[in-house]
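The structure appears right after this line, and notes come after that.
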Amino acid sequence: MYFYQTGGLLHVPCHVDPEIFRQELHYFKIHDLILRALPKPAEKKHMELPKHKNLQVLWKLLEYPQSSAPAKFLAVVEIVVIVLAVASFCIETLPEFHESIREGWKNNNTAAVFFAIEASCMVVFTFEFILRVISCPDKLQFCKGILNIIDLITILPFYVTLILQNERALDSFVVLRVVRLARVFRILKLSRHSRGLITLGLALRASLRELALLFFFLLIGIVLFSSGVYYADLTEEDTKFMSILDGFWWAVITMTLWIWRRCATV
């Protein structure tokens, strides 16, 4: 629309790949003169590799699954280990295992099985992370990487839990729960092996302003409607809205359900 409204002006967003932009123009049948005037798509960037030859081989195995058959095999093994770790984390929360987990892996066979699975997965994750640190071409960029930070977050809770248990620091039970909760971030490790998830993350990062604006308008509606329902029920004795904050949840559910129903009927 902008192209026809301005008489032939085109604006290419900086975060849009030129080849994707060319495909969009071809789809909307923009004439060939415009297509020829666009810069040709740049060649694909080469892999960033360390200088040492052995480290190059190791980095390709860990970071580029498409580079060889062994790299693909290692990626499949890591996915299986991640799924196993997440499944074990979920299964051990079943009510029939609560007593066994409380007794600890030293006193209960069931807890020992869960601990063995946990320890085995942690050995794989730790070994892989250390190899990545050793073989990465740029240590500073590696430390800044979101996926690498997620890897570290998924590894640390296991060792912190071991230290707390060995030192019998069970008084800090809340700390222990928080540390164990951090294990749920293991599911995010799958994003390293999924191009779709990586693309989704990049799309969300490119749309942060729009998402922030959306949440801002949602917050305005929540405050307005929760204030309205609070003062509307102020004189009622059995009201469930004792404060404006109590009305926040009601406002969120009502607004989101209404939007969902409107979208479903369109």
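The values are calculated or read from the model by the stated rules, or taken from the named source; none is laboratory data. In this text the structure is predicted, and so the values were computed from the model without any measurement. Cβ: placed from backbone, ideal geometry, glycine included. Neighbour counts: every protein chain shown. In case anyone asks, the SASA skips ligands and DNA or RNA and just uses the protein heavy atoms, side chains included. Shrake-Rupley method; radii C 1.70, N 1.55, O 1.52, S 1.80 Å.
Just wondering, is there one or more residues in the range 179-198 that are at pLDDT below 70, within 30 Å of TRP105 (Cα to Cα), of a type in the set (Val, Ile, Thr) and open to solvent by 90 Å² or more (accessible area, probe 1.4 Å)?
Within the range 179-198, not a single residue is at pLDDT below 70, within 30 Å of TRP105 (Cα to Cα), of a type in the set (Val, Ile, Thr) and open to solvent by 90 Å² or more (accessible area, probe 1.4 Å).
Go through (1) open to solvent by 100 Å² or more (accessible area, probe 1.4 Å); (2) modelled with pLDDT of 85 or more for GLY228 and report which single condition fails.
Going through the list (1) open to solvent by 100 Å² or more (accessible area, probe 1.4 Å); (2) modelled with pLDDT of 85 or more, GLY228 breaks only (1).
Based on what the data block shows, is THR239 open to solvent by 100 Å² or more (accessible area, probe 1.4 Å) and β-branched (Val, Ile, Thr)?
No.
Which one is farthest from LEU162 (Cα to Cα), of the residues in the range 86-135 that are modelled with pLDDT of 85 or more and polar (S, T, N, Q)?
SER135
Just give me the residues in the range 62-98 being hydrophobic (A, V, I, L, M, F, W, C), surrounded by fewer than 12 Cβ atoms within 10 Å (Cβ to Cβ) and more than 23 Å from the chain's Cα centre (by Cα), in sequence order.
ALA69, LEU94
Residues of the range 102-120 being assigned to a helix (DSSP H, G or I), free of Cβ contacts under 8 Å to residues at least 24 places away in the same chain and either touching a strand residue (DSSP E or B) at 6+ places or on another chain (Cβ under 6 Å) or surrounded by 17 or more Cβ atoms within 10 Å (Cβ to Cβ) (or both), which ones?
Correct list: ALA111, PHE115.
Look at ALA42 and say whether it is within 29 Å of ARG205 (Cβ to Cβ), among the aliphatic types (A, V, I, L, M) and at pLDDT 70 or above.
no
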